[in-house]
Amino acid sequence: MPPELPFTNRVARLLELADEEAASRGHPDKTPEHVLLALLRDAEGIGASVIGRLQGGDLDGLYRQLEGLLAGTDPGRKAAPPRVSWLLESASAEAVKLRHRVLGSEHLVLALIREPESTAARALADRGIRYADAVAELRRILGMPAGGPATNAP
């Protein structure tokens, strides 16, 4: 288990927005899909920049696609709460791999891409967003040298 890293203010805000996304759809719990919706709605962080650059800047299109995928879910069905906990643990691991000391929206994106069998990961993959490309784009945005930590992660 990776060390628990502090969140950036943006991540704390994204988690609040994810609660709003879940509530607005009548879902009792937030899921990684709601986190992705929040990230796309916020559109200001590094994570949104990574997604935007990898798929031509169309964050609204991805938001609408994910909304459509969630529209068929049962609003009363309780989600597995550990999914968001897993997402945050996975995002912390991504931050550690990159030698970052705080968990940012960019780490959430990397974790979302890798979440097994999730609607969020499927929506990102449908848009051609792959883990290795996201890491490379993140490194470009942050001015990190290519080929460093996390580049070859599975």
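Residues in the stretch 4-14 that are more than 8 Å from VAL102 (Cβ to Cβ) and either at pLDDT below 90 or surrounded by 18 or more Cβ atoms within 10 Å (Cβ to Cβ) (or both): 4 in all. The residue that is most open to solvent (accessible area, probe 1.4 Å), among those in the stretch 92-134 that are closer than 17 Å to GLN55 by Cα and touching a Phe, Trp or Tyr at 6+ places or on another chain (Cβ under 9 Å), is ILE113. The one condition from (1) modelled with pLDDT of 90 or more; (2) not in a helix (DSSP H, G or I) that GLY57 does not meet is (1).
Being modelled with pLDDT under 95, crowded, with 21+ Cβ neighbours inside 10 Å and of a type in the set (S, T, N, Q) narrows it down to one residue among THR73, THR31; which is it?
Details: THR73 fails: crowded, with 21+ Cβ neighbours inside 10 Å.
It is THR31.
State all residues of the stretch 7-46 that are in contact with a Pro (Cβ under 9 Å, 6 or more places away or on another chain) and either in a strand (DSSP E or B) or among the hydrophobic types (A, V, I, L, M, F, W, C) (or both); if no residue qualifies, say none. Across the stretch 7-46, the qualifying residues are ALA18, ALA22.
Take the conditions (1) closer than 21 Å to ALA125 by Cα; (2) in contact (Cβ under 8 Å) with a residue 24 or more places away in the chain; (3) part of a loop (DSSP other than H, G, I, E, B); SER49 misses just one of them, which is (3). Among the conditions (1) in contact with a Lys or Arg (Cβ under 7 Å, 6 or more places away or on another chain); (2) part of a loop (DSSP other than H, G, I, E, B); (3) at pLDDT 85 or above, PRO149 misses just one, which is (3).
The values are calculated or read from the model by the stated rules, or taken from the named source; none is laboratory data. Since the structure is predicted, the reported quantities are computational estimates derived from the model, not experimental observations. Backbone-built Cβ (ideal geometry, glycine too); neighbour counts: all protein chains shown. Quick note on the areas: whole protein, heavy atoms, side chains included, nothing else; ligands and nucleic acids left out. Shrake-Rupley method; radii C 1.70, N 1.55, O 1.52, S 1.80 Å.
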